[in-house]
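Readers should treat all values here as calculations from the given coordinates under stated rules, not as data from a laboratory. Computed from a prediction, not measured in an experiment: that's the story for all the values here. So basically every Cβ, Gly included, is an ideal-geometry build from the backbone, and we count neighbours across all protein chains shown.
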Amino acid sequence: MKMKKKLFIPLIAALLTIGLTSVGFAAWVIVGETQVPSNDAQFVAYTVDDQSISFTAAFGTGEQVVFGKTGGVTENWLKAEDIATQDLTANLIITLTNWSSVKHLDITFAITDVTSSVAIPSEYIATPGAKTVTITPNSATSPTSWTVKIGDETVPSFDGSQAEPTITVPLTFAWKFGEGENPYSYYNGLPNTAENKSAAVTALQAIAALDPATFKVEVTGRTATHK
């Protein structure tokens, strides 16, 4: 989950040369070399500064996605017995652990789409998709405020005064039934026919197969000189 990127500044050395002169007297010319002492010179070398970004990325404590029923569903022919209320969002928390070293740089996080230990039935469930998170200092010289975006959406709650600031990235799944309806609402809005009942069984069995599954995303961080 970490990607190293080092910014190297070339070493610069200031060197003084030795001067050569000739000395002459009237008509007699004496040619020779005279060494001129040089002034003291100082070598100037810039340190190599590792400006890799260090961070952790983890889901919040107890985070889970529940493909359950809606709280206000009015049941008809499709019943929902002892099924938890749906929760289609899990919060991914990115914590910057060397903030003091990189807070003057532009930072980009690339977040992949969800992968699962059990195949997600894409005909019924939309996954959150890949995301990009950017942190841009509003001043390159002495940054005290930053613009943080998840995609095109600005995150107003970022607190750069913290030693290890965090960014919360919501990863939201969605239903593909009708206009994004919960399957219980969707199927109960259809006639109680053999065809609809068979379709409901097929869909809900495919969703039920996710019950033992775990899912993950990968996060890659990159720094760049602020422009």
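Sorted by mean Cβ packing within 10 Å, highest first, what order do the peptides 157-167, 181-191 take?
181-191, 157-167
What residues qualify as long-range amide H neighbours of residue 130, i.e. H under 5 Å apart, gap of 5 or more or another chain, H built at 1.01 Å from N?
HN-HN under 5 Å from residue 130: 113.
For a quick size check, give me the Cα extents of region 91-192 along its three principal axes, largest first, whole Å.
The Cα atoms of region 91-192 stretch 66, 27, 18 Å along the principal axes, largest first.
For residue 88, what residues show an amide H to amide H distance below 5 Å, using hydrogens built from the backbone and excluding near sequence neighbours?
Residues meeting the criterion, in which the H sits 1.01 Å from N, are 66.
If you average the sequence gap of Cα pairs under 8 Å that are 6 or more apart and divide by the length of region 116-227, what percent do you get for the contact order?
Over region 116-227, the number comes to 32 percent.
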